[in-house]
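The values are calculated or read from the model by the stated rules, or taken from the named source; none is laboratory data. As the structure is a prediction and not an experimental result, all values here were calculated from the model. Here Cβ is always computed from backbone atoms with ideal geometry, including for glycine, and neighbour counts include all displayed protein chains. For accessibility, only protein heavy atoms count, side chains too; no ligands or nucleic acids. Shrake-Rupley method; radii C 1.70, N 1.55, O 1.52, S 1.80 Å.
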Amino acid sequence: MIPLTARLFVDGPMRRILDLAALVRDSGGALSLDAELRRFIRTTRATVATDWVCPIATVTALLDHAAGLCDSGRGTQPEEFRQLLERAGAGTDWAMYLHSLAAKLRALEQDPQDDYEELPLSRWEIDVRFPQLSGFGVNWVYGGEFPTLTESVEAAIGSEHPYCAEFLAPLAAEAQSALVLFPGERAMQDGLSPVVGWATPQALRQLLQAIDDHMRREHVALP
């Protein structure tokens, strides 16, 4: 069992940063660490709740704190953390590497990259930003149980009614966000459909219309 304090090293934002660093190293130069860290910053800022719970300043403080712990006792960190550092390319000086990641994050935060054309959403960003759309496809579209999207949407809504607000609200929010971030058929095919295969502008608008119709019909407060 992992000790409670070890979660600092093997889970949460520090784990995400080191995973990204390892992803960049594994890419053999195809990915840029600066770009992936900019995406991390953008993802953190995408919702007020995430930014409120763990702002970038807290993430960099965790990296610096972990660096200090590595300096004072290298052998006390969980094995999973040590392996991740090796994958990320930390070399022999783990503390210096973690400090450098913290400094890079601070510098990039001063000039965040929010332009989706210059810095397109990566696959991992889409997984984080659109989990409801991804889950909808897995649960209601890809299995082939329903011959049309309309029937899939109706079945999904019916499965949750009358306790569907918690399911439908974030699903509708993601659909609307996708239509804004990926305007037009080509943009969605290039940016979202490779990860969320059922998503097209028409399908998302159909989903939104079905949700709106249901909420108007079934969840309007009585006068």
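The GluC sites (Glu not before Pro) of the stretch 1-104 include none that DSSP puts in a loop with a beta carbon having at most 15 other beta carbons within 10 Å. Per q in 0.17, 0.20, 0.23 1/Å, what log10 I(q)/I(0) does a Debye calculation on the alpha-carbon atoms of the stretch 120-223 return? Normalising to I(0) and taking log10 leaves -0.75, -1.02, -1.29. Going by the alpha-carbon gyration tensor, a ≥ b ≥ c the square roots of its eigenvalues, is the stretch 82-180 rounded (a/c under 1.5) or, if a/c is not under 1.5, prolate (a/b greater than b/c) versus oblate? The shape class here is prolate. Determine the distance separating the Cα centre of the stretch 141-183 from the Cα centre of the stretch 52-86; give it in Å without decimals. Distance between centres, Cα-based: 39 Å. Labels on offer are (1) 21.0, 69; (2) 15.5, 45; (3) 19.2, 76, and the one holding Rg and Dmax of the Cα atoms in Å computed from this structure is (1).
Within the stretch 1-116, the proportion of Cα pairs with more than 24 Å between them is 23 percent.
Taking packing as the residue-averaged number of other Cβ atoms within 10 angstrom, the listed peptides 121-127, 110-116 run from highest to lowest as 121-127, 110-116.
Highest mean packing comes first when the peptides 172-180, 138-146 are listed by Cβ atoms within 10 Å, giving 172-180, 138-146. For the stretch 84-184, the carbon plus sulfur part of the accessible surface works out to 55%, probe radius 1.4 Å.
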